[in-house]
Amino acid sequence: MVTSRRASVAVAVALAAVGCTVTLPGAEVGSYLGVSAVLDTSLGVSAVLDTSDTTALTVTIGINTWQLATAPGYYSWSEAKAYCDALSLAGATDWRLPTKEELESLIDKSRSACPYIAAAFVLKTACEWYWTATAYSGSSSVAWGVSFYFGSSDYGGTTYSYRVRCVR
């Protein structure tokens, strides 16, 4: 069985490998059990670890801070928006469902296999559809989703069950 501390180190190693700053409990920024993280200021990527449960919780890219892990379960569009609105994570409560453009910005088609997403999120992303906050042509019954299985976006009925990743 993998402990949450070991899982934290695995996430830290993955984030450090792509030039992220990693903060771990009881350690200085950038170093834990011989794992060194380097801040690449050109990427503007950092990770935040919640010391209360010792797991990496968020990744900041540019001006957006993202929920690192996929939300548990599947959600309709209205449930997805409600989940993000109610989320309290890493000391923040201003989470929301990302726009189509924001979620599409995480697609990385240079990867050789799914999930087609920025490297910092690979370990915490399912090869599935994720909801965005963007309605299709102003419709309340159709909204945009992003597939990290295909590395593309498309619209679907708001009653479909998709995955969720929140942003702030």
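The values are calculated or read from the model by the stated rules, or taken from the named source; none is laboratory data. This is a predicted model, so every value here is computed, not measured. For neighbour counting, all protein chains shown are included, and Cβ atoms are generated from backbone atoms with ideal geometry for every residue, glycine included.
All conditions but one from (1) surrounded by fewer than 19 Cβ atoms within 10 Å (Cβ to Cβ); (2) without any contact (Cβ under 8 Å) to a residue 40 or more places away in the chain; (3) not polar (S, T, N, Q) apply to Y116; the one that does not is (1). A search for C-beta distances below 8 Å between a residue of the stretch 95-108 that is in a helix (DSSP H, G or I) and any residue that is at pLDDT below 95 and not hydrophobic (A, V, I, L, M, F, W, C), counting only pairs 6+ apart in sequence or on different chains, returns E102/N64. Does S137 satisfy the criteria of being touching a residue at least 60 places away in the same chain (Cβ under 8 Å) and surrounded by fewer than 16 Cβ atoms within 10 Å (Cβ to Cβ)? No: the conditions fail for S137. Could you list all residues from the stretch 72-90 that are surrounded by 19 or more Cβ atoms within 10 Å (Cβ to Cβ) and either in contact with a Lys or Arg (Cβ under 7 Å, 6 or more places away or on another chain) or not assigned by TED's automatic domain parsing to the domain that holds V142 (or both)? C84 - this is the single residue of the stretch 72-90 that is surrounded by 19 or more Cβ atoms within 10 Å (Cβ to Cβ) and either in contact with a Lys or Arg (Cβ under 7 Å, 6 or more places away or on another chain) or not assigned by TED's automatic domain parsing to the domain that holds V142 (or both).
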